[in-house]
Amino acid sequence: MEKVLAAVRTAPGKTEIREYPMPEIAADSALMKMEVAGICGTDVKLYKTPPSAAPVIMGHENIGVIAKAGREFVRRKGFKEGDLVFVEHYVMCGKCEWCHAGQYRHCENTDWRNNPEGIRYGYTSAERAPHLWGGFAQYVYLPWNAVVHQVPKGVSAELAGLVTPMANGVEWSLFDGGVGYNSTVLIQGPGQQGLSQTVICKQAGASLIIVTGTSKQITGGKGVDVVLDCTAGAGTLPILLGVEAMKRKAGTMVVQGELKEFPNFPLERVTVKAITIKSARGHSYKACELALAQLASKRFPLEKVTTHRFGLKDVDLAIKSVGGHGVPDVIHASLMPWL
Ligand SMILES: [Zn+2]
Ligand SMILES: [Zn+2]
């Protein structure tokens with residue numbers, strides 16, 4: 001029987017290459033041959049402190065080619081064999097109000113936090129048939145409710161590998177932060193997420209974009225309109241600096257930390273400045289489509305953001321490098337399972 005190779009997280013900070021059987025494809029399903037899996041700060045976190053003890057094929061920013069597609073999959077979803085696609089890591093239930101609104105990220109029926117049976121790429125146990133629930137593998141299984149986007153013509157698989165940080169850029173800065181013409185923006189964290197936010201804010205017409213990890217200001221004391229926290233594991237400091245950087249009234253902070261507690265939270269400063277705090281929670285369908293259009297526009301040389309490539313056997317090194325321990329100076333890394 002034909003086998004599929006996958007890099008499986010078997011314990012915190014530990015990866016093994018395992019073989020799985022090539023799955024049978026149901027009429028309403030498809031199989032994607034992986035081209036590129038993007039690696040991000042979430043991988044670093046999930047690798048160090050996995051949310052479960054189950055073996056998991058990580059990889060949640062997945063670009064590939066439809067290798068096999070069942071008849072119903074083609075009819076319902078409009079994709080065919082040979083199409084280059086981006087598959088979101090959210091898998092919708094298709095029934096709830098959030099899914100109907102295209103906000104699969106809020107679907108409670110498929111969120112692993114509420115429903116251990118819910119499928120999410122890069123999170124679901126590899127013990128669950130047909131096993132291929134993550135992008136650090138040669139193939140990924142697509143059930144009828146996978147959320148699939150066509151990669152526009154002229155966009156390579158590797159460039160499309162940036163779609164997730166770019167979609168977060170659209171979602172957080174434009175939809176949540178309301179960045180637009182003449183906005184002033186503080187982006188905290190100069191990694192791939194911060195860079196993607198910068199590109200989107202620039203395209204949207206922001207007049208001043210400060211990318212930093214500190215509150216050093218060039219706003220003439222006026223402060224910024226919008227603060228986007230793109231730091232990873234920086235504790236409470238980015239929020240405290242963000243509150244200070246926001247000198248004007250009625251700005252917006254988009255936050256994404258998952259600290260359990262925030263001792264001495266400066267609530268008075270927040271309310272006196274009339275700051276709105278919003279949560280960055282991934283991206284919507286629309287944000288993904290806009291991100292793909294941004295990549296296709298070639299307006300910015302975004303291929304330069306991808307600094308490193310790793311093969312399947314180097315998943316461990318790749319994740320550690322993105323986390324700052326391993327190969328130095330990684331901004332964005334492509335995991336290419338066939339390399
Ligand atoms: Zn990610
Ligand atoms: Zn749903």
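The values are calculated or read from the model by the stated rules, or taken from the named source; none is laboratory data. These numbers come from a predicted model, not from an experiment. Positions of Cβ are backbone-derived with ideal geometry, glycine not excepted, and every protein chain shown enters the neighbour counts. We work out accessible area using only protein heavy atoms, side chains counted, and drop any ligands, DNA or RNA first. Shrake-Rupley method; radii C 1.70, N 1.55, O 1.52, S 1.80 Å.
Distance between the 7 Å Cα→Cβ label points at Cys93 and Ala53: 2.9 nm. Over all other residues within a Cβ to Cβ distance under 14 Å of Lys77, the charged ones net out to 0, with Lys and Arg as +1 and Asp and Glu as -1. For each pair in Lys95/Lys286; Lys80/Lys320; Lys153/Lys304; Lys48/Lys260, compute the distance between the two Cα atoms and list the pairs where it is over 25 Å. Distance filter (> 25 Å) returns Lys80/Lys320. Determine the share of the chain's accessible area contributed by carbon and sulfur atoms, expressed in whole percent, with a 1.4 angstrom probe. On the chain, the fraction of accessible area on carbon and sulfur atoms equals 54 percent. Shown in residue order for the range 288-293 are the 3J(HN,Hα) couplings computed by the Karplus curve 6.51 cos²θ - 1.76 cosθ + 1.60 at θ = phi - 60°: 5, 5, 5, 5, 5, 5 Hz (x for Gly and Pro). Note on the chain: the C-alpha convex hull projects to 17.0 nm² when averaged across all orientations. Cα gyration tensor of the range 12-169, axes a ≥ b ≥ c as square roots of the eigenvalues: rounded (a/c below 1.5), prolate (a/b > b/c) or oblate? Rounded.
Within straight-line reach of Lys33, meaning a Cα separation under 17 Å, sit the following aspartates and glutamates at least 8 residues removed in sequence or on another chain: Glu2, Glu19, Glu24, Glu61, Glu81, Asp83, Glu88, Glu158.
Think of it as helices only: each DSSP H run of n ≥ 4 in the chain is worth -39500 (n - 2.57), and spread over all residues that comes to -6000 deg cm²/dmol at 222 nm.
Less than 12 Å Cβ to Cβ from Lys33, Lys/Arg counted +1 and Asp/Glu -1: what total charge do the surrounding residues give? Computed value for this residue: -2.
Taking all protein chains into account, the per residue accessible area for the range 134-188 stands at 26 Å² (1.4 Å probe).
Working from label points 7 Å from Cα in the Cα-to-Cβ sense, the Glu303 to Arg76 distance is 3.7 nm. For the range 196-339, the Cβ-based charge dipole about the Cα centre amounts to some 480 debye (Lys, Arg positive; Asp, Glu negative; other atoms uncharged). Packing, taken as the mean count of other beta carbons within 10 Å per residue, orders the peptides 199-207, 145-153 from highest to lowest as 199-207, 145-153. Close amide H pairs (under 5 Å, H built 1.01 Å from N) link Ile57 with Arg9, Ala126, Trp133, residues at least 5 positions away or on another chain. For Leu267 and His100, the FRET efficiency from 1/(1 + (r/R0)^6), where r spans their Cβ atoms and R0 equals 41 Å, is about 0.70.
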